[in-house]
Amino acid sequence: MEQSLPVRILRDIAAVFVTALFMFPILWWALASIKPISAMFDKDRVVFFDFVPTLINYGVTLLGMSRSQLAIDAGLGMGVAGTEAYDSRRAIFDSVIVAIGSTTITMMLAVFAAYALSRMAFKGREGFLNWVLGQRFMPPIAILIPLVAIYKTVGMRDTDNLIMGYIGLMMIYALMNLPIAVLLMKSFFDDVPKDVDEAAMIDGATRWQTFRKIVVPMVRGGVAASAVLCFIFAWTEFLLSLFLTTDIRTVPVKIQTFVTSTGNEWGFISALGTAAAIPSFIFILLVQRHLVRGLTLGSLKE
Amino acid sequence: MASVTIKNVKKNYGNLEVVHGINLKIEDGAFVVLLGPSGCGKSTLLRMIAGLESVTGGDIEIEGKRVNDVHPKDRNIAMVFQNYALYAHMKVRDNMSFSLLLAKRPQNEIDEKVKWAAKILNLEPYLDRYPRELSGGQRQRVAMGRAIVRNPAVFLFDEPLSNLDAKLRVQMRTEIKELHERLKTTTVYVTHDQIEAMTMADKIVILRDGYIEQEGSPLDVYDHPANLFVAEFIGSPSMNLLKGEVITEGVRLAEGTVLALPKSHKAKLGQKVVYGIRPEHLKPGKGTAAKINVIEPTGPEMHIYADMGGQEVCSITSERVHLARGADLQLAPQLDRVHLFDAETGKVIA
Ligand SMILES: Nc1ncnc2c1ncn2[C@@H]1O[C@H](COP(=O)(O)OP(=O)(O)OP(=O)(O)O)[C@@H](O)[C@H]1O
Ligand SMILES: [Mg+2]
């Protein structure tokens, strides 16, 4: 559809405006992470770019440097309050384990389930799809209290067993992600014509060989896109992580501890926040093409 | 190579019967085309032969062996699909060798077979490309290559050319025909394009609503259609079918408009009939009066559409006709080419 010039200009302006609206807080956040405290808290004006950038916040949160030591080195004396509780390496490690683990579990189940839903006719198939969707209607907070009780009873909360902590979070994230992953994967499988399965069958492939050697490789992009969505959910999830485990602290929970009784450590908060956004950003860029396809084209069917 | 025998085969989807007891014998090495309008059950029949669809009733035999419950891969057939159904993530070479690999054939045999198929199909320069890097016609050839490397007993084609443009379709038509001449593999080919059927088939089977209407060689069904459906379906422009009543002088279409009949015919006086005459057998000349509607020159021929006793007829002539709309002319049927059908049953009167 060819649009007239004024319409195109208007559309472009709107696009730029909307993008700017969404991007500005993120950019401001990233900017804050490299500002010295004096620039962040200037009481006379808003500081945009006229400050001497510093990586102190990253050094403390990502590399575990001691802030009091850094302050002394910088000749500031002992005036800076500081515990060593801002080292977030352990939180990042925990987050990576939980996010990758839960994504793996989710995708393993989702790929099989979605293939079955896409290819096999069985009783209750339609109902199953609706049930899967229904899972999304329920906000996590509605099931939080029973979940806490359950986790406590089965020994996945308030134990010193780190492994149980990991497994507990991975399981709940897999549970939360499974419906959307199944739906997404089903739409990718639906895009592969059934003739391809049949051709493989005639070529002599068993159902399993067809699945593993033909159909799944053909939806690789879809698998990657769905996995990224699951990863990002697990990576950014706060509520369940806060309540369901005491042994491990994922990055979002860790960041929240930077809000202290003596003040908010904006520098560390923004540094860790910015750093945490980077993996999601890269992954999304990598699978963007498939993601758009999966979320629009596929979801229009059925 | 093998013959295929279809005995009283039925197919139900739930309570709906879509194929109603079909009997068909496909000779060893024959090229049989299943022809019919959309929804007539061609694909269903083909897929039952392939084993992709269960058979509700009757028997299918390949090489004299009942295969109703045999898995597709054990039927020794190969199928080419309308949308090619290539494995998009595999190179052309791997697409073609997949079945041999699964059958655990030795590598040198696989290489040899793939090379042989690629040579026949002119695919040699493309072996290391992905299907998405090929044109429609090349993809079609890969699908055929995938079928021939296995040296199957029967080839099954389901409208393999309908995704190609007109020119390529004609070219591929010839290629498939040549491939068949060369390999002499029994072939069942599904299409709704009667030209494809006419040009390629040894035997045409015309289906409608899950029944066989007629089977025979292309010229046989063209020259001797068994009923009105076949008469209308085969041939383009299609046969003129004019409703009328048999009188002594011929068939009366309307008051004063009478088409001549051959000396001996089987119709009874006063019988309501449909008078069938192909456009190329109805030429300007001393005959029945008509009024011109349109004249379409095609180059070698003129297609004259005219009104004859209130019904439209088409006449094809190689003479140059220069007449205006509304002009009067006379059209004469070639009497030994007249087909008479019973108006009630639609069957040919013979
Ligand atoms: N899975 C199915 N469930 C119910 N009815 C079906 C199914 N598949 C096909 N049919 C019906 O069976 C009939 C024959 O279908 P078939 O696909 O064989 O037609 P076709 O002759 O190949 O037509 P086309 O030229 O459009 O491909 C159609 O009326 C169709 O509606
Ligand atoms: Mg069909």
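The values are calculated or read from the model by the stated rules, or taken from the named source; none is laboratory data. In this text the structure is predicted, and so the values were computed from the model without any measurement. No Cβ is skipped: glycine too gets one built from the backbone with ideal geometry, and neighbour counts run over all protein chains shown. When the accessible area is computed, the model is the full protein with side chains, heavy atoms only, and any ligands, DNA or RNA have been set aside. Shrake-Rupley method; radii C 1.70, N 1.55, O 1.52, S 1.80 Å.
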> Of everything in region A:122-151 that's among the aromatic types (Phe, Trp, Tyr) and without any contact (Cβ under 8 Å) to a residue 12 or more places away in the chain, which residue is most open to solvent (accessible area, probe 1.4 Å)?
Replying inline: A:137
> Restricting the first residue to region B:48-73 and requiring it to be within 13 Å of chain A (Cβ to nearest Cβ) and touching a residue at least 60 places away in the same chain (Cβ under 8 Å), which pairs with a second residue that is open to solvent by 20 Å² or more (accessible area, probe 1.4 Å) and not basic (Lys, Arg) meet a Cβ separation below 8 Å and a spacing of at least six or different chains?
Replying inline: B:50/A:198
>> Against the condition within 29 Å of the chain's Cα centre (by Cα) and within 27 Å of residue B:167 (Cα to Cα), how does residue B:85 come out, does it pass?
In response: yes
> Which condition number in (1) loosely packed, with under 15 Cβ neighbours inside 10 Å; (2) within 28 Å of residue B:35 (Cα to Cα) is the one that residue B:279 fails?
Replying inline: (1)
> For region B:311-331, which residues satisfy the criterion of being more than 21 Å from residue B:239 (Cβ to Cβ) and either surrounded by 14 or more Cβ atoms within 10 Å (Cβ to Cβ) or of a type in the set (A, V, I, L, M) (or both)?
Replying inline: B:323, B:324, B:327
> Going by the conditions given, is residue A:206 under 27 Å from residue B:85 (Cβ atoms) and of a type in the set (Ser, Thr, Tyr)?
Replying inline: yes
>> Restricting to region B:24-47, and then to whatever is of a type in the set (D, E, K, R) and near ligand 1 (Cβ under 8 Å from one of its atoms), can you tell me which residue is surrounded by the most Cβ atoms within 10 Å (Cβ to Cβ)?
In response: B:42
>> Just checking, does region A:175-190 include any residue being farther than 19 Å from residue A:109 by Cα and of a type in the set (Asp, Glu)?
In response: no
>> So, residue B:223, is that one under 23 Å from residue B:61 (Cβ atoms) and open to solvent by 10 Å² or more (accessible area, probe 1.4 Å) or not?
In response: no
> What tally of residues in region B:123-150 results from selecting those that are in a loop (DSSP other than H, G, I, E, B), touching a helix residue (DSSP H, G or I) at 6+ places or on another chain (Cβ under 6 Å) and either polar (S, T, N, Q) or in contact (Cβ under 8 Å) with a residue 60 or more places away in the chain (or both)?
Replying inline: 1
> If you take the residues in region B:282-310 that are open to solvent by 10 Å² or more (accessible area, probe 1.4 Å) and of a type in the set (A, V, I, L, M, F, W, C), which one is nearest to residue B:332 (Cα to Cα)?
Replying inline: B:289
>> I'd like to verify a number: residues in region B:285-312 that are over 18 Å from residue B:250 (Cα atoms) and in a strand (DSSP E or B), how many?
In response: 14
>> Going through B:83, B:108, B:151 one at a time, which residue ends up being more than 15 Å from residue A:203 (Cα to Cα), polar (S, T, N, Q) and more than 12 Å from every other protein chain (Cβ to nearest Cβ)?
In response: B:108
> Residues in region B:24-45 that are within 16 Å of ligand 2 (Cβ to nearest atom), out of contact with any Phe, Trp or Tyr (no Cβ under 8 Å at 6 or more places or on another chain) and among the aliphatic types (A, V, I, L, M): how many?
Replying inline: 1
> Between a first residue in region B:151-164 that is small (Gly, Ala, Ser) and a second residue that is open to solvent by 20 Å² or more (accessible area, probe 1.4 Å) and away from ligand 1 (no atom under 13 Å from the Cβ), which pairs have beta carbons less than 7 Å apart while being 6 or more apart in sequence or on different chains?
Replying inline: B:153/B:1; B:153/B:63; B:153/B:76
>> If I filter region B:115-123 for residues that are within 16 Å of ligand 2 (Cβ to nearest atom) and either outside the structural domain of residue B:26 (by TED's automatic domain parsing) or open to solvent by 10 Å² or more (accessible area, probe 1.4 Å) (or both), do I get at least one hit?
In response: no
> Hey, residue B:75 hits all of (1) open to solvent by 40 Å² or more (accessible area, probe 1.4 Å); (2) within 25 Å of residue B:141 (Cβ to Cβ); (3) away from ligand 1 (no atom under 16 Å from the Cβ); (4) charged (D, E, K, R) but one; which does it fall short on?
Replying inline: (1)
>> List pairs: first residue in region B:109-122 and aromatic (Phe, Trp, Tyr), second residue open to solvent by less than 10 Å² (accessible area, probe 1.4 Å) anywhere in the structure, Cβ distance under 9 angstrom, at least six positions apart or on different chains.
In response: B:116/B:148; B:116/B:149
>> Anything in region B:170-198 that is open to solvent by 70 Å² or more (accessible area, probe 1.4 Å) and in contact (Cβ under 8 Å) with a residue 12 or more places away in the chain? List them, or say none.
In response: B:171, B:182, B:184, B:192, B:195
>> Test of understanding: among B:60, B:49, which residue is within 16 Å of ligand 2 (Cβ to nearest atom), under 24 Å from residue B:202 (Cβ atoms) and modelled with pLDDT of 95 or more?
In response: B:49
> Residues in region B:1-23: is at least one more than 17 Å from residue A:201 (Cβ to Cβ), within 14 Å of chain A (Cβ to nearest Cβ), more than 16 Å from ligand 2 (Cβ to nearest atom) and at pLDDT below 95?
Replying inline: yes
> Of all residues in region B:199-213, how many are over 18 Å from residue B:3 (Cβ atoms), open to solvent by less than 70 Å² (accessible area, probe 1.4 Å) and within 16 Å of ligand 1 (Cβ to nearest atom)?
Replying inline: 4
> Do we have residue B:90 as within 14 Å of chain A (Cβ to nearest Cβ), within 16 Å of ligand 1 (Cβ to nearest atom) and not charged (D, E, K, R) here?
Replying inline: no
>> Going by what's in this entry, would residue B:64 be described as within 12 Å of ligand 1 (Cβ to nearest atom), open to solvent by 30 Å² or more (accessible area, probe 1.4 Å) and not aliphatic (A, V, I, L, M)?
In response: no
> List pairs: first in region A:194-215 and more than 7 Å from chain B (Cβ to nearest Cβ) and within 13 Å of residue B:146 (Cβ to Cβ), second of a type in the set (S, T, N, Q) and part of a helix (DSSP H, G or I), Cβ under 7 Å, 6+ apart or cross-chain?
Replying inline: A:200/A:210
